[in-house]
Each structure stands twice: as C-alpha cells, then as structure tokens.
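**Student:** Have a look at this one before I ask anything.
Computed from the coordinates by the stated procedures, all read-outs in this text should not be read as laboratory data. Just so we're clear, the structure is a prediction, and the values are computed from it rather than from any experiment. So basically every Cβ, Gly included, is an ideal-geometry build from the backbone, and we count neighbours across all protein chains shown.
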Amino acid sequence: MVSVKIDSVSKSFGNVQALKNVSLEIANGEFFAILGPSGCGKTTLLRIIAGLEKPTKGRIFFDETDVTDVPAEIRDVSMVFQFYALYPTTVYNNIALPLKSRGLSPSQVHERVEEIAKLVGIENILNAHVDRISVADKQKVALARAIAKQPQLYLLDEPLTILDPVSRVIMRAELKRIQKELKQTIIYVTHDQIEALTLADRIAVMNFGVVEQVGTPLQVYDYPETVFVGWFLGEPGMNFIEANVEPDVLKISGKTVLREREVFEDLRSKGYERVLIGFRAEHVKISKTPSTYSNGKGVIEGVVRVVEFMGTYYVVDVESDGAEFKVKIDPRSFSSSSIKEGEKVWCTIPLDKILFFDPNNNKRIN
Ligand code: ATP
C-alpha cells in the first residue's frame, strides 16, 4: 500500500475548470473519501490519480515517487466504478483472471479465489454466470476482482450508487468490514454524505473544483470551515442566518439572539458588524413558552411555518423576521398536536453549538 500526495493539481477541459489547485495528502492504509455534489470534479481527480487523465498543472506522488507521467497500466491501482464492467463468464473466472495474469499456479489461483470470495461474501455464487446474479452481487464481484489484482491503491468511484436503497445499506456495512480486513489505502468518491461519514477515516469536501475542507467525519460535520460544507453535510444541512453585531447584543433584524458579551467583543474586535450564524437543526430546542436569556445560550423568537414528519424525526420550519431555519425534533419528545403551523415559538441553541461565518467570503470566523 502507498500514501498519495496530490500537489497543486488543476485540470481544464476547454473552458471548464474541473479542478482548481487541489492539494491533498492521503496516508498509508487510510480510507479517504472525496465528497461533493455532481460536477464538482471528484471523478476527474480520481482519474488523474489513476493515470487515466493528465493534470493541466500539478503533480501526483505515490509515496515519494512522482507518478504524474507514469501510464495507468503500470501505476498498480485497482478501480471500481459505479457501473461494473465484468467479463461475461462465471463469478469464479472473473476473480481468477487477474490472479492468472499475475502468474499464480492453478492451485494458488483456486485457493486465492476462495479466500477473496469469502472476504467479499460471494462464496456461494462462484459458479454462477455474472448475467444471472443480482446488481449488488455484481458490484461485489467487481470489488473481488479489484482485490485479486492486489494493487497498492484502491480507487472506488461511487460503487454503491447503482444499488437499490436496501442493498446500499447492506453493502456499506460490508465495505467497512472488508476495508478493516484489507487494511489498504482506499480513495472513495461519492456524492452521498452518509457513505462518506460512515466509511471514511477522513473526508475531503469538494465544490466547483475546489477542496473546501479536509477532516475527520466529526470535524467536517461539527466544525465546517465554510458555509457550503455546513450546508452540504447533515439532514437537513446547517442553518445559516444573517445577524447584526451590535455593541452588546446580536440581532436578527430587530430581534435579539444573543447577549453574550465576549462573543460581540470578539466579533467586533475582528471588524464584523454583520455575520452569518450557523447552527444545526438538531441542536435547537423549541418551546411555546418564552425563553429568557441566560449565559451560554442563544434564543430566537419565531413563527412555525411548516411541520414535516420524516419517519424517524420531525423537521419544523421556523421563520424569524424573514429569516428561516429548521429545527429537528425526536418524535418521542414531540406530539404533532403540540406545535402547530402559525404558532409563536422560542428556539434555544447552546452557545457552543453556534458558529460564526464571514458573510463576505462564507468562511468560518471562530
Ligand atoms: P459526477 O458525480 O456527476 O460524475 P463529478 O464531481 O465526478 O460529478 P466530474 O465528472 O469530475 O465531476 O466533472 C467535473 C467537471 O468537468 C464537470 O463540469 C464536467 O462536465 C467536466 N468534465 C469532466 N470530464 C470532461 C471531459 N472529458 N470533457 C469535458 N468536460 C469534462
């Protein structure tokens, strides 16, 4: 296995700048996710690492070796795509072919096919033709074939996207187990935040060809460095509201949100008169009785606009002087008769769960 260094990589296709000065370091044995919306440049970056695409600018290193000009066939990587491309033969042969081309003897091939099939969980369908197996099993065969190549690096491009929702959840858990046993460097491209958050050691969040943040799942979820990262992660994404920093209060339009002196002094000393406050829907406590200000919490008065039942939780849309935000409520602590559309509510947020962002560049201040 190898470490991977992406050093100031840019890529243009005509007028489209798919990657803008991307730098990343992926450690040996790390499960690293590249997460972002469609078109943000994830696949282009993966193809550049594989050697299938040349960067317009920048270099790629495997350990200390500069591989930027090394052809794909000799980079020793295995790629698994969203749309598997299997040989039209049995599952067994699909796994055996890469082993044979590595020069293993027939008995070694047989032993290894059985080992890999067991690891991936397809030992019972080895004799089946790939045309006759389920989509989830096909993706497992593609993974087994990638493992058979025994590469120094695995590149996975949305391997679960093609699966139905139930198979996806099962395969996600399977992938986690397989990675633990493989202990190999894996770079995993996805637009699905749950996959990235549950599988990866670290995540790079991308938007419009730029890496907005790199961190552990907890870091990127709890402390987004940009508005985009906060908004993109979470169900629903982080709430952002513009607020005025006054000498001794923080206000949304005319309404006071915070009275914590240290907060305004700090923001004003940095020259901010307006900020974006960011907070997650699940950190808000909603009440129909007025909340008083006390140290360590912010209070936003508002009116309930919409109440939605999402299956395992409720989402309440609250409006406060034109600003809208979402509150997430556990059904056990919520009865739909208790909070109704049109009602006045007080929403409290612990101060340590409120983040401040610069409205000019959308970057986190604190
Ligand atoms: P998706 O999840 O939809 O595949 P992505 O994040 O993987 O999206 P890329 O496929 O890397 O994004 O594409 C990034 C940008 O580069 C897009 O605007 C895309 O249209 C453009 N692009 C990618 N490959 C090419 C190409 N071969 N020729 C022209 N433009 C391309």
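**Student:** Could you give me the ³J(HN,Hα) list for the range 245-254, computed from phi with Karplus coefficients 6.51, -1.76, 1.60 and θ = phi - 60°, whole Hz, x at Gly and Pro?
**Tutor:** So the J values, rounded to whole Hz, are 9, 9, x, 9, 8, 10, 10, 9, 6, x.
**Student:** Got a sec to turn the phi values of the range 308-316 into Karplus ³J(HN,Hα) couplings, 6.51 cos²θ - 1.76 cosθ + 1.60 with θ = phi - 60°, whole Hz, x for Gly and Pro?
**Tutor:** 10, 8, 9, x, 10, 7, 9, 10, 10
**Student:** Just to check I understand the Karplus step: with θ = phi - 60° and J = 6.51 cos²θ - 1.76 cosθ + 1.60, what whole-Hz values come out for the range 142-159, glycine and proline as x?
**Tutor:** Values, residue by residue: 4, 5, 4, 5, 5, 5, 4, 6, 6, x, 8, 8, 9, 10, 10, 10, 6, x Hz.
**Student:** Related question: Which net charge results for the neighbourhood of K11, defined as the other residues with beta-carbon distances under 14 angstrom from its beta-carbon, given Lys and Arg at +1 and Asp and Glu at -1?
**Tutor:** Details: positive: K20, K42, R47, K54, K57, R59; negative: D7, E53.
Net of charged neighbours comes to +4.
**Student:** Tell me which residues come under 5 Å, amide H to amide H, from Q17 once H is placed; ignore anything under 5 positions away on its chain.
**Tutor:** Result for Q17 returns nothing.
**Student:** For the range 92-179, state which trypsin sites (Lys or Arg not before Pro) are in a DSSP loop and have at most 13 other beta carbons lying within 10 Å of their beta carbon.
**Tutor:** Answer by residue number: R102.
**Student:** Now a separate question. Only loop residues by DSSP count here, and only those with at most 13 other Cβ atoms within 10 Å; note down the trypsin sites (Lys or Arg not before Pro) in the range 207-316 that meet that. Provide the component values of the computation, followed by the final result.
**Tutor:** Values: sites: K251, K255, R259, R261, R268, K270, R274, R280, K285, K288, K297, R305; in loops: R259, K270, R280, K288.
Of the trypsin sites (Lys or Arg not before Pro), the ones in loops of the range 207-316 whose Cβ has at most 13 other Cβ atoms within 10 Å are K270, K288.
**Student:** OK, next. Which percent of Cα pairs goes in each bin when the distances of the chain are cut into 20 angstrom slices starting at zero?
**Tutor:** Answer for the chain: a P(r) of 26, 45, 25, 4 percent.
**Student:** Report, to the nearest 10°, how far helix 106-120 tilts away from the longest principal axis of the Cα atoms in the chain, using its own Cα long axis and a range of 0 to 90°.
**Tutor:** Roughly 20 degrees, rounded to the nearest 10.
**Student:** Show me the three semi-axes of the equivalent ellipsoid for the range 285-339, from the C-alpha gyration tensor (sqrt of 5 times each eigenvalue), largest first, rounded to whole Å. Could you put the intermediate results ahead of the total?
**Tutor:** On the way: eigenvalues 81, 39, 20 Å².
Each semi-axis is the square root of five times an eigenvalue, giving 20, 14, 10 Å.
**Student:** Below 17 Å, Cα to Cα, which lysines can K118 reach? Residues fewer than 8 away in the same chain don't count.
**Tutor:** List returned: K138, K140, K149, K176, K180, K183.
**Student:** Something else about it: Counting only GluC sites (Glu not before Pro) that sit in a DSSP loop (anything but H, G, I, E, B) with at most 11 other Cβ atoms within 10 Å, what is the longest stretch of the chain containing none of them? Write down the numbers at each step before the final one.
**Tutor:** Details: sites that count: E64, E273, E341.
Between exposed loop sites, the widest span is 65-272.
**Student:** Can you work out the FRET efficiency for the pair N124 and D76, with r the C-beta to C-beta distance and R0 = 30 Å, to the nearest 0.05? Working shown, then result.
**Tutor:** Details: r = 31 Å, r/R0 = 1.03.
Using R0 = 30 Å, I get an efficiency of 0.45.
**Student:** Do any chymotrypsin sites (Phe, Trp or Tyr not before Pro) in the range 124-223 lie in a loop, going by DSSP, with at most 15 other beta-carbon atoms within 10 Å of their beta carbon, and if so which?
**Tutor:** Details: sites: Y154, Y188, F208, Y221; in loops: F208.
Listed in order of number, the matching sites are F208.
**Student:** Just the ratio, please: alpha-carbon radius of gyration of the range 239-357 over 2.2 N^0.38 Å, N its number of residues. Mind dumping the intermediate values first?
**Tutor:** Numbers: Rg = 14.3 Å, N = 119, 2.2 N^0.38 = 13.5 Å.
So the Cα radius of gyration is 1.06 times the expected 2.2 N^0.38 Å.
**Student:** Which value in deg cm²/dmol, rounded to the nearest 500, describes the helix-derived mean residue ellipticity at 222 nm for the chain, given -39,500 (n - 2.57) per DSSP H run of n ≥ 4 and division by the residue count?
**Tutor:** Value at 222 nm, helices only: -8000 deg cm²/dmol.
**Student:** Something else about it: Starting from the exponent 0.38 and prefactor 2.2 Å, build the expected Rg for the range 173-266 from its residue count and divide its actual Cα Rg by it. Intermediate results must be reported in sequence, preceding the final value.
**Tutor:** Numbers: Rg = 18.3 Å, N = 94, 2.2 N^0.38 = 12.4 Å.
For the range 173-266, the normalised Cα radius of gyration is 1.48.
**Student:** Stick to Cα atoms and the Kirkwood definition of Rh, then tell me Rg/Rh for the range 16-104. Walk me through the numbers on the way to the answer.
**Tutor:** Working: Rg = 15.6 Å, Rh = 15.5 Å.
Rg/Rh for the range 16-104 comes to 1.01.
**Student:** Ok, one more. Under 1.5 on a/c is rounded, so check that first for the range 105-193, then, if it is not, pick prolate when a/b is larger than b/c and oblate when it is not; a ≥ b ≥ c are the square roots of the alpha carbon gyration tensor eigenvalues. Show your work: numbers first, answer last.
**Tutor:** Details: a/c = 2.04, a/b = 1.26, b/c = 1.62.
Oblate is the answer for the range 105-193, as a/c is 1.5 or above yet b/c matches or exceeds a/b.
**Student:** Report the rotationally averaged projected area of the range 1-157 based on its alpha-carbon convex hull, in square nanometres.
**Tutor:** Dividing the Cα hull surface by four gives the mean projection, 10.2 nm².
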